[in-house]
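The values are calculated or read from the model by the stated rules, or taken from the named source; none is laboratory data. Since the structure is predicted, the reported quantities are computational estimates derived from the model, not experimental observations. Don't worry about glycine lacking a Cβ; one is built from the backbone with ideal geometry, like all the others, and counts go over all protein chains shown.
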Amino acid sequence: MSANAAAAGPHRRRLHRWLTAEVTTSPQQASLQRLYFGWLRFRRNPLAMIGLSILLALIVIALLAPWLAHYGSNDQDLYARLKPPSAAHWLGTDELGRDIYSRLIWGSRITLYIACLVAIIAAPVGLIVGTTSGYLGGWTDTVLMRVTDIFLSFPGLVLALAFVAALGPGIENAVIAIALTAWPPIARLARAETLTIRSSDYIAAIRIQGASPLRIIVKHVMPMCVPSVIVRITLNMAGIILTAAGLGFLGLGAQPPSPEWGAMLSTGRQYLIGAWWLAAMPGLAILLTSLAFNLFGDGLRDVLDPRTE
């Protein structure tokens, strides 16, 4: 055992005792202790760990795409058209001789780009609408919830298709369209939690001290709703990815020759009989990514649910 490893042992033990202390001495210790115990609960869920591993692998693949991909996303070799999986092309080639493995690697960036942008847009909008509606009540609650009900009355994919048809095809417009369909469930969830929080004693005490409704919503109500919103948007990621793939499949999302998985699946359906790998490989990528988000979201819900503590 090296000297560095021997010195690290006592340090890890001190850190473990500090994180598991029955009495905390600072807010920072209390916050880190909650994160540590949450990680221990999350780690005991094998399916959640599988989902996390797949997502971490996807992030690494997207970041290292220039080094992991054997070819450029649009490099063509007409002499290698529709070749089955082989040592030269691990997942085969498409109708233009493009390497499917490389296109899947580059396409992971588009998938994460769409999912992250939708989450960044939809989560804050849903949180703001839900907490404002739940705390203020009255006509504000009525108006905001009726607008939310209008969005919820349409299937997500149908509503996204309508918005993309109005905005025009493209990744950016697809992100906006999907975000417009993703915020209503979050708003409903945030409103339900706010209705419980606003009747709490500590909210009444803050109100008596003269805090404005805006300050109460932003400083005290929203932070209490954030864990549930994080869980909901994580569980919604699978639907977001499937909707983005559906738009790409219909030609309304990422446009050719972009290596978006839905667009690749749409092209591959024309060659299902003789070149099954064209549709199977992007379909499998969509399936694994959606499954990983579902497994990760389930584990995260178990950790952040206060009833499990």
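For the stretch 83-92, indicate whether the set of residues that are closer than 30 Å to Asn294 by Cβ and among the aromatic types (Phe, Trp, Tyr) is non-empty. Scanning the stretch 83-92, I find at least one residue that is closer than 30 Å to Asn294 by Cβ and among the aromatic types (Phe, Trp, Tyr), so the answer is yes. Evaluate the stretch 137-152: report whether one residue or more is assigned to a helix (DSSP H, G or I) and either under 19 Å from Gly248 (Cβ atoms) or touching a strand residue (DSSP E or B) at 6+ places or on another chain (Cβ under 6 Å) (or both). Checked against the condition, which is being assigned to a helix (DSSP H, G or I) and either under 19 Å from Gly248 (Cβ atoms) or touching a strand residue (DSSP E or B) at 6+ places or on another chain (Cβ under 6 Å) (or both), the stretch 137-152 yields no hits at all. Of the residues making up the stretch 92-101, those that are buried (at least 22 other Cβ atoms within 10 Å of the Cβ) and not in a loop (DSSP other than H, G, I, E, B) number 3. Applying the criterion of at least 1 residues that are over 18 Å from the mean Cα position of the chain (by Cα) and crowded, with 20+ Cβ neighbours inside 10 Å to the helices (runs of 4 or more DSSP H) found wholly in the stretch 170-269 leaves 171-197, 222-249, 261-268. Restricting attention to the stretch 83-91, does a residue exist that is in contact with an Asp or Glu (Cβ under 9 Å, 6 or more places away or on another chain) and closer than 29 Å to Phe296 by Cα? So far as the stretch 83-91 goes, yes, one or more of its residues are in contact with an Asp or Glu (Cβ under 9 Å, 6 or more places away or on another chain) and closer than 29 Å to Phe296 by Cα. Among residues of the stretch 50-79 that are touching a residue at least 60 places away in the same chain (Cβ under 8 Å), those with a beta-carbon under 7 Å from a residue that is among the hydroxyl-bearing types (Ser, Thr, Tyr) and surrounded by 15 or more Cβ atoms within 10 Å (Cβ to Cβ) at least six positions away or on a different chain give the pairs Leu58/Ser108; Leu58/Thr289; Ser73/Ser102. Quick one: is Thr234 touching a Gly at 6+ places or on another chain (Cβ under 6 Å) and among the hydroxyl-bearing types (Ser, Thr, Tyr)? Yes: the conditions hold for Thr234. Annotation note: of Gln28, Gln76, the sole residue that is farther than 25 Å from Val231 by Cβ and modelled with pLDDT of 75 or more is Gln76. The residues of the stretch 67-85 that are touching a helix residue (DSSP H, G or I) at 6+ places or on another chain (Cβ under 9 Å) and not acidic (Asp, Glu), listed by number, are Leu68, Ala69, His70, Tyr71, Gly72, Ser73, Asn74, Leu82, Pro84, Pro85.
The single residue among Ile121, Ile114 that is touching a residue at least 12 places away in the same chain (Cβ under 8 Å), farther than 19 Å from Val231 by Cβ and of a type in the set (A, V, I, L, M) turns out to be Ile114.
Step by step: first the residues of the stretch 155-169, then only those that are without any contact (Cβ under 8 Å) to a residue 40 or more places away in the chain and within 17 Å of Ala122 (Cα to Cα), then the one that is surrounded by the most Cβ atoms within 10 Å (Cβ to Cβ). Which residue is that? In this case the residue turns out to be Leu159.
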